[in-house]
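Nothing in this text is a laboratory measurement; each read-out follows from the coordinates by a stated rule. The shown structure was predicted, so the numbers you read here are calculated from the model rather than taken from an experiment. Cβ: placed from backbone, ideal geometry, glycine included. Neighbour counts: every protein chain shown.
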Amino acid sequence: MKLSIVGTVGVPACYGGFETLVENLLDESSTSVDLTVYASSKSYKEKTPKYKNANLKYIPLQANGVQSIPYDIWSLCHAVFKGTDNILILGVSGAICLPFIRLFSKARIVTNIDGLEWRRDKWNSYAKRFLKLSEKIAVKYSDVVVADNKAIADYVFNEYGCDSEVIAYGGDHAIIEALNINDEGYALALCRIEPENNVEMILSAFSQTQKKIKFVGNWGSSEFGRTMRERFESFDNIEIIEPIYDISTLFEMRRNCSYYVHGHSAGGTNPSLVEMMHFNKNIMAFDCNYNRATTEDKCRYFKSEDELIAKTESIGNADHGKVMREIAQRRYTWKIVKQQYFNLFK
């Protein structure tokens, strides 16, 4: 099998959920798949030609932002002209070229359309229209559409009349040693600092309580993040923490927290949520269909600042951590996810 993976920053994983997905799809011992991963040369000082039995092809563009469109198109065209017979596309940025690709290639195209990117608040109206068009093209010209959440799959069917494969993310890589659970009396939040993740709602709610929260994110990457940091970092019970990528440090923070607060309102199955579900901790999640589908309606939910304040007072009486872990071990392990993906290819 020849398989090319397009649409990520690259591996080793150094960015987000798609990169972690690819990292865990690779297998150092496997020789049955001729696998190529496309990576951004802008993100790696050391450009190794191989990683975990995958060939790495570097594209001299940024993988995110405006350059993600030519980056993905360049990657797709290279994959086709080198003769790959399977392509996994992560995201829809480069999907605009799929009708052209179909003229020259019979490769099997599997596209994970991500979390309805065009709905995200960070995009202006022009970007949203382009991403919606890209999504439509991706659904039409892919052999298989992957949705990472049942709510996304329902949207794809209702919007385009197309069935999709529901494949989420694994989270068991976050457990790096025996899980000796501790409780140091703080809530934990972890996300990209964007309005759609209800960062302001969470911080404002905790600023009106004495409950402690450690909030990890990329505060310096946007005006919104800098404003939030400046507004809330003076509160004694709120600890603003710069992004952490070291899995050992994250493991300690997760196993030592009292509970987890998840504010994402857009997207599908969020990797940070399924990772946390493996930690046997109570979870409070923003009340939307994506989070309810991920947690099977079995954690605590909030829709407003007042509701979050009230539930921080009672979360200590909740006991659904074991339920979250059972769901995670049943649905969100990389062994399961990897097999689901490779079953899609010829």
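Values as computed for the structure displayed
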| quantity | calculated |
| --- | --- |
| J(HN,Hα) series, segment 90-99, from Karplus relation 6.51 cos²θ - 1.76 cosθ + 1.60, nearest Hz, glycine and proline x | 10, x, 10, 4, x, 5, 4, 8, 4, x |
| Reachable lysines, given that their alpha-carbon falls under 29 Å from the alpha-carbon of residue 42 and they are not under 8 places away in the same chain | 2, 50, 52, 57, 82, 122, 128, 132, 338 |
| Net dipole in debye of the chain [+1 Lys, Arg Cβ; -1 Asp, Glu Cβ; about Cα centre; nearest 20] | 1080 debye |
| Dipole magnitude of segment 1-101, debye to nearest 20 (Cβ charges: Lys/Arg +1, Asp/Glu -1, about Cα centre) | 300 debye |
| Ordering of 167-173, 225-231 by packing [mean C-beta count within 10 Å, highest first] | 167-173, 225-231 |
| 5 angstrom amide H check on residue 166, placed H, neighbours 5+ away | 147 |
| Charge-dipole axis of the chain as Lys and Arg at +1 and Asp and Glu at -1 on Cβ define it, positive-most pick from 318, 20, 182 | 20 |
| Nitroxide proxy distance, nm - points 7 Å out along Cα→Cβ at residue 129 and residue 176 | 4.7 nm |
| Pairwise label distance in nanometres, residue 330 with residue 241, each label 7 Å out on the Cα-Cβ vector | 3.0 nm |
| Burial order of peptide ranges 2-8, 238-244, 262-268 (average beta-carbon count within 10 Å, highest first) | 2-8, 262-268, 238-244 |
| Lysines with Cα under 22 Å of residue 322, excluding same-chain neighbours fewer than 8 positions away | 281, 298, 311, 335 |
